[in-house]
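Engineer: Sharing a structure here in structure tokens format.
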Amino acid sequence: MSDDAANDEIFVTQDGSHSITASRFGVSYHSKYGAITESRHVFIQAGLYPLLLNAPEKISILEMGFGTGLNALLTYQETAGRSVEVYYEAIEEFPIPVHAAQNLNYPRLIGEKDTALNAVFLQMHEMPWDKEIVLGLHFNLQKRWGNLEQLQFTPRFDLIYFDAFAPSAQPELWATPIMQKMFDALKPGGVMVTYCAKGEFKRTLKSVGFLVERLPGPPGKREMTKAIKEGA
Ligand SMILES: C[S@@+](CC[C@H](N)C(=O)[O-])C[C@H]1O[C@@H](n2cnc3c(N)ncnc32)[C@H](O)[C@@H]1O
């Protein structure tokens, strides 16, 4: 757990979903315009849906940083009713405490009367680190506890959710060595999506070999970025 986690506070974003302030970095985990709205727009609609279009039997997703578990929960829910097996690897250096996760309103807001979703969300937070666990029948989750700059990856991923704190808070995570690492972790034809659309970041993506697409951003942001590793 983060040393500063005791100072972190849950707050309500504009769509009614919770987010958390990260006192260590002076930013929040999601957009104040709506945590669920942002996650659905950037990661689910721009990343996951296109990947599921051809009804693949298996998909492999890398998430940089696990945080509140919102992206993982949305991905679990979206793939639960389909015949697809998911491998989901989530990186996190400063896990939030389980008691904070218990107070987040995501399962209630996205699951409506589905109480099983609440159990899955808690299991995501309570499960051990660095061990692959099967949730439901289709979702193989491995949370890796460590610093992205030090971790190594097998080049197995179809999709990366790049959800680091903003470049203003953590410039090193948006620089060439990390983007090269993300490029190498993708299979040919793989895609990385992120909320960031800064010019310097997009130039870095191009310099390591990505094809860069601009997409409309979630509320409060004009654009987001989709980066493609060509060659499938
Ligand atoms: C924007 S938040 C992620 C939000 C998350 N995807 C969610 O759905 O709630 C960024 C996350 O990256 C983590 N983080 C920051 N620096 C890191 C590093 N060097 N390596 C791994 N994780 C890091 C933070 O602790 C935080 O949980």
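Every read-out reported here was derived from the displayed coordinates using simple, explicitly stated rules and does not represent laboratory data. From a predicted model like this one, the values you see are computed outputs, not experimental measurements. Every residue, glycine among them, receives a Cβ derived from its backbone with ideal geometry; neighbour counts consider all protein chains shown.
Engineer: How far apart, in nm, are two points set 7 Å out from the Cα along the Cα-to-Cβ line at ARG24 and at VAL98?
Structural biologist: Output for this residue pair reads 1.9 nm.
Engineer: Suppose every Lys and Arg Cβ carries +1 and every Asp and Glu Cβ carries -1, with no other charges. What dipole size does the chain come out with about its Cα centre, to the nearest 20 debye?
Structural biologist: With only Lys, Arg, Asp and Glu charged at Cβ, the dipole is about 680 debye.
Engineer: In the chain, what percentage of the DSSP-assigned beta bridges are antiparallel, given to the nearest 5?
Structural biologist: Rounded to the nearest five, the antiparallel share is 45 percent.
Engineer: Right, something else. Could you give me the ³J(HN,Hα) list for segment 42-51, computed from phi with Karplus coefficients 6.51, -1.76, 1.60 and θ = phi - 60°, whole Hz, x at Gly and Pro?
Structural biologist: For segment 42-51, the Karplus-derived couplings read 7, 9, 7, 6, 8, x, 6, 4, x, 5 Hz, x marking Gly and Pro.
Engineer: Decide, for segment 96-205, between rounded, prolate and oblate: order the square roots of the alpha carbon gyration tensor eigenvalues as a ≥ b ≥ c, take rounded if a/c falls under 1.5, and otherwise choose prolate if a/b is larger than b/c, else oblate.
Structural biologist: Prolate, because a/c is 1.5 or more and a/b exceeds b/c.
Engineer: From zero up to wherever the largest Cα-Cα distance of the chain sits, split into 10 Å bins and tell me the percent of pairs in each.
Structural biologist: Percent of pairs per bin, in order: 8, 35, 40, 17, 1.
Engineer: Let me ask something additional. From the residues ALA164, ASN140, PRO219, which one has its Cα farthest along the dipole of segment 128-232 in the positive direction, the dipole being from +1 and -1 charges on Cβ of Lys/Arg and Asp/Glu about the Cα centre?
Structural biologist: With unit charges placed on the Cβ atoms, the residue in question is PRO219.
Engineer: Further, regarding this structure: Sorting HIS30, HIS138, HIS99, HIS41 on the 10 Å Cβ count, fewest up front, what's the list?
Structural biologist: Going from least to most buried by this count: HIS99, HIS138, HIS41, HIS30.
Engineer: Can you run phi through the Karplus equation (6.51, -1.76, 1.60; θ = phi - 60°) for segment 147-159 and list ³J(HN,Hα) in whole Hz, with x for Gly and Pro?
Structural biologist: Going residue by residue, I get 8, 3, 5, 9, 6, 10, 10, 6, x, 10, 9, 7, 8 Hz, with x marking Gly and Pro.
Engineer: If you don't mind, another one. Starting from the Cα gyration tensor of segment 47-126, take the square roots of the eigenvalues, sort them a ≥ b ≥ c, and report rounded, prolate or oblate (rounded when a/c is under 1.5, otherwise prolate if a/b is larger than b/c, else oblate).
Structural biologist: Because a/c hits 1.5 or more and a/b fails to exceed b/c, segment 47-126 counts as oblate.
Engineer: Same structure again: Compare the Cα positions of SER17, VAL98, GLY190 along the charge dipole of the chain (+1 at Cβ of Lys, Arg; -1 at Cβ of Asp, Glu; about the Cα centre) and return the one farthest towards the positive end.
Structural biologist: Positive-end residue among those listed: GLY190.
Engineer: Counting only C-alpha contacts under 8 Å and six or more residues apart, can you give the relative contact order of the chain as a whole percent?
Structural biologist: 19 percent
Engineer: Remind me, relative contact order of segment 78-160 in percent, using alpha carbon pairs under 8 angstrom and six or more residues apart?
Structural biologist: In percent, rounded to a whole number, it is 41.
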